[in-house]
Amino acid sequence: AQKVTQAQTEISVVEKEDVTLDCVYETRDTTYYLFWYKQPPSGELVFLIRRNSFDEQNEISGRYSWNFQKSTSSFNFTITASQVVDSAVYFCALSLYNQGGKLIFGQGTELSVKP
Amino acid sequence: GAVVSQHPSRVICKSGTSVKIECRSLDFQATTMFWYRQFPKKSLMLMATSNEGSKATYEQGVEKDKFLINHASLTLSTLTVTSAHPEDSSFYICSAPIPGQDRTSPLHFGNGTRLTVT
């Protein structure tokens, strides 16, 4: 069975601090995709990144960076110099190649960035 | 801009009534759409997969007669919550894979529908 675990339920930081959101996944499939989404208080899901299982390169996009390590089945997300606008719930998700787009979500991490 | 449009964004209904939620793909055809449900402070759980021209596939534990899904065209899927009760109050959100990309590209979601049953 597939599973995504985000052990951090809530994180609170002060603006300009760096913060890392953890994501650990479980699957026996060799081809899969990992995602991060941001859900602000308004509720919509904002796509942040997709990474396939064969691409372990880390990625940086502005203040965001992602560290994918298959050896530990982790796909962690770091926000550098956090800002108040980063406050939201962040979801890590897993999709198997043969399941046509179904997403298995983690429990979510609620990030609060205080000024 | 949004590639998946969901309507309404909020709905309040009385217990026992039915509510229909629409999910439209904009500028592309979606043979498949996914419906998720999210309780407050909780994760998103897949309810069903909507297939154009055929029956929806429901996840285990989801009542088919309660949550009616219709995917009558390549751009529209609807979720009807029948005989709604307060415990059906939740956030419902749809997604549609975009053709031309690989099969696991549900990059875009609708903005969601917050249902409150009084």
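We did not get these values from a lab; they are worked out from the coordinates using the rules stated. Remember, it's a predicted structure, so these values are computed and weren't measured experimentally. Note: ideal-geometry Cβ built from the backbone for every residue, glycine included; neighbour counts use all protein chains shown.
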*Filtered residues of the range A:98-115 (kept if more than 7 Å from every other protein chain (Cβ to nearest Cβ) and either crowded, with 20+ Cβ neighbours inside 10 Å or assigned to a strand (DSSP E or B) (or both))*: A:I104, A:T109, A:E110, A:L111, A:S112, A:V113, A:K114
_Residues that are closer than 11 Å to B:N70 by Cα and surrounded by 20 or more Cβ atoms within 10 Å (Cβ to Cβ), drawn from the range B:16-31_ = B:I21, B:C23
_Would you confirm, using the coordinates I've provided, whether B:V81 is farther than 19 Å from A:Q39 by Cβ, more than 14 Å from chain A (Cβ to nearest Cβ) and touching a Pro at 6+ places or on another chain (Cβ under 7 Å)?_
no
*Condition check for B:D65: buried (at least 17 other Cβ atoms within 10 Å of the Cβ) and charged (D, E, K, R)*: no
*Among the residues of the range A:57-97, count how many are of a type outside the set (G, A, S) and in a strand (DSSP E or B).*
18
